[in-house]
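Asker: The structure under discussion is supplied below as C-alpha cells; questions concerning it will follow.
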Amino acid sequence: MNEPIKKIAVLTSGGDAPGMNAAIRAVVRACTYYRVDCIGVYRGYQGLIEGDFEMLSARHVSNIINKGGTILKSARSEEFKTVEGRAKAYENLKKAGVGALVIIGGDGTFTGGLKFIEEFNFPVVGIPGTIDNDIYGTDNTIGYDTALNTVVEVIDKIRDTASSHNRLFFIEVMGRDAGFIALNTGIGAGAEEILIPEKNLGLDRLVESLDKSREKGKTSSIVVVSEGDKIGKNVFELADYIKEKYPFYDIRVSVLGHMQRGGSPSCYDRVLASRLGVAAVEALLDRTSGVMVGVTNNEVTSVGFNKAIKMNHDINEELLKVAEITSV
Ligand code: ATP
C-alpha cells in the first residue's frame, strides 16, 4: 500500500449506463495528466479474473464522450462472488503491475470492491454509474439524467396518442427498488398518477385519483409506474384490474424497458462523469481507498463503500407534494 502507484486499472460493472464512457475517458486522461499508466479491464470483474486487460492511452478514449454504453463492456460475474475468484483477480492485477483500481457501477459492484479491499488490502475507489440513482452519497448517479430525458421524450410521444384516442396509459419505467425515475419523469411529463416503491399508496388511491380526473373532465390519463412498485400487481395486472372497474376506459400498457439505458449521454452526465473520473484518480493517488466519489450540492465528495451500499438515498417528499399539486 505504501509503494508509489504507477498503474491504475479501470472497469465498468453491473448494468451499463450512459456516461460510463465519459467516466472511463476522464480516468484515462487523469492518469495521463498525473503521469500514471492506465489499464482498461474488459467485462467488469469477470475480465479481472480472466486477465482481459488493455493498456489505454489518452488517444484510445478519443470520441467516446458522446457514446452510450461502455467501451470496456460490462458483465455480471458470479465467480467474483467467491474468494477463489477474487484471489485470481488479485493475482492478475499484481502480475500486470497494477497498484490501484477504479470501479464504475452500482451497489453490487461496490460490495465486491469492499470485499476485495478487505481480503487483499488493495486500493479501490468507486464511481456511481447506474440509471436508477439509488446510491447514497451522491445527488445523481452517472446515467440517471440521460435516462430521465429519454423517458420524458417517450412519454411526451405517448401523450400525443393518449389524448387523440381518450386513452388511459400505464407506462412502466425502470427502478426495481427506487422510484426516482418514475417520480421525476412523472412530474416532468405531467403524469396524472405516479406509482413508486417507496410510497405504497395502494389501489384505492389510484382508483380515487382516476375518479377525480374523470370528474374534472380529463379524457386521457398517463400513469407512470416504477417496475418495483409494491402495490402487489405488475403493470399488466394493474391495467386489467382498472379495466374491470372502468370498462369504458381504453387502457394501454407500455413497458419502456432497456431503451432507458441507451443513447448519447446528456451534457449533465458527461460533466458529472468527467468530474468523478478525475476525482477517483486523485483520491487513489492521495492514498484514499474504500470510498465512492460523488457530487453533493455541486461539490465533489466521497463516502465510504459501507455507507454508499447500506444507506438509502431518500425520496424527496417535496417532489411528492409537487406531483400531487400539479396533477389536479
Ligand atoms: P446495477 O445497479 O446497474 O444493477 P450493480 O453494480 O448493483 O449495478 P450487480 O449485478 O448487483 O450490479 O453487481 C455487479 C457485480 O458485482 C456482480 O456481477 C458481481 O461480480 C459483483 N458483486 C455483486 N455482489 C457481490 C458480493 N456480494 N460479493 C462479491 N461481488 C459481488
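Asker: With the Cα gyration tensor of region 236-328 in hand, convert its eigenvalues to equivalent ellipsoid semi-axes via √(5λ) and list them largest first in whole Å. The partial results should precede the final answer.
Answerer: Working: eigenvalues 332, 59, 43 Å².
Square roots of five times the eigenvalues give 41, 17, 15 Å.
Asker: So what are region 1-133's ellipsoid semi-axes, whole angstrom, largest first, if each one is the square root of 5 times an eigenvalue of the alpha-carbon gyration tensor? It would help to have the intermediate numbers written out before the result.
Answerer: Details: eigenvalues 86, 67, 30 Å².
The answer is 21, 18, 12 Å, longest axis first.
Asker: Restricting to bridges with both residues inside the chain, how much of the DSSP beta-bridge set is antiparallel, in percent to the nearest 5?
Answerer: Antiparallel bridges: around 25 percent, rounded to the nearest 5.
Asker: Right, next: Using only the Cα atoms, what convex hull volume per residue in Å³ does the chain have? Kindly include the intermediate steps, with their values, before the conclusion.
Answerer: Values: hull volume 39.6 nm³, N = 328.
Each residue corresponds to 121 Å³ of Cα convex hull volume.
Asker: Right, here's the next one. Please list 3J(HN,Hα) in residue order for region 86-98, calculated via the Karplus relation 6.51 cos²θ - 1.76 cosθ + 1.60 where θ = phi - 60°; whole Hz, with x for glycine and proline.
Answerer: Computed from phi, the couplings for region 86-98 are 5, 5, 4, 4, 5, 4, 5, 5, 4, 4, 7, x, 7 Hz.
Asker: On to the next question. Amide H of residue 225 versus every other amide H placed in the peptide plane: which residues, excluding those fewer than 5 positions away on the same chain, fall under 5 Å?
Answerer: Residues meeting the criterion, in which the H sits 1.01 Å from N, are 171, 172, 173, 195.
Asker: Follow-up. Of the peptides 233-246, 172-185, how do they stack up when ordered by the mean number of other Cβ atoms within 10 Å, highest first? Please report the intermediate quantities before stating the final value.
Answerer: Values: 233-246: 15.4, 172-185: 24.0.
Final packing ranking: 172-185, 233-246.
Asker: Report, in listed order, any pair from 7/307; 81/307; 157/243; 67/218; 7/81 with a Cα-Cα distance greater than 30 Å. Spell out each step's value before the answer.
Answerer: Numbers: 7/307 27 Å; 81/307 20 Å; 157/243 23 Å; 67/218 40 Å; 7/81 25 Å.
Result: 67/218 exceed 30 Å.
Asker: Then there is this: Can you give me the angle between helix 107-120 and the longest principal axis of the chain, using Cα atoms only, in degrees from 0 to 90, rounded to the nearest 10?
Answerer: Helix 107-120 sits at roughly 20 degrees to that axis.
Asker: Please enumerate, by chain and number, the lysines with C-alpha under 20 Å from the C-alpha of residue 6, excluding those fewer than 8 residues away in the same chain.
Answerer: Output for residue 6: 94, 95.
Asker: A further question on this structure: From the residues 246, 297, 28, which one has its Cα farthest along the dipole of the chain in the positive direction, the dipole being from +1 and -1 charges on Cβ of Lys/Arg and Asp/Glu about the Cα centre?
Answerer: Result: 28.
Asker: How far, in degrees from 0 to 90, does helix 144-165 lean away from the longest principal axis of the Cα atoms of the chain, to the nearest 10?
Answerer: For 144-165 against the chain, the angle is about 20 degrees.
Asker: Output the Kirkwood hydrodynamic radius of region 145-261, Cα pairs only, in Å rounded to one decimal. Kindly include the intermediate steps, with their values, before the conclusion.
Answerer: Numbers: mean 1/r = 0.0715 Å⁻¹.
Result for region 145-261, one decimal place: 14.0 Å.
Asker: What are the residues whose amide H is under 5 Å from the amide H of residue 291, where those residues sit 5 or more places off or on another chain and H is modelled from the backbone?
Answerer: Counting only residues 5 or more places away or on other chains, the set is 126, 305.
Asker: Let me ask another. Averaged per residue, what accessible surface does the chain expose to a 1.4 Å probe, in Å²?
Answerer: Numbers: 14650 Å² over 328 residues.
On a per-residue basis, the chain sits at 45 Å².
Asker: What dipole magnitude, in Debye to the nearest 20, does the chain give about its Cα centre under +1 on Lys/Arg Cβ and -1 on Asp/Glu Cβ?
Answerer: Numbers: 38 positive and 43 negative charges, 179 e Å.
So the magnitude is around 860 debye.
Asker: Could you work out how far helix 202-215 tilts from the main Cα principal axis of the chain, as a 0 to 90 degree angle to the nearest 10?
Answerer: Here the helix axis deviates by roughly 50 degrees.
Asker: Rounded to the nearest 5, what % of DSSP beta bridges with both residues in region 145-261 are antiparallel? Numbers along the way, then the final one.
Answerer: Values: 1 of 16 bridges.
Counting only bridges with both partners in region 145-261, antiparallel ones make up about 5 percent.
Asker: Helix-only mean residue ellipticity at 222 nm, the chain, DSSP H runs n ≥ 4 weighted -39,500 (n - 2.57), per residue, nearest 500. What is it?
Answerer: On the way: 11 runs with 139 residues, N = 328.
Counting only the DSSP helices, I get -13500 deg cm²/dmol.
The values are calculated or read from the model by the stated rules, or taken from the named source; none is laboratory data. Bear in mind the structure is a predicted one, so any value in this text is a computation, not a measurement. Neighbour counts are summed over all protein chains in view; Cβ atoms, including those assigned to glycine, are modelled from backbone coordinates with ideal geometry. The accessibility values were calculated without ligands, DNA or RNA, using every heavy atom of the protein model including side chains. Shrake-Rupley method; radii C 1.70, N 1.55, O 1.52, S 1.80 Å.
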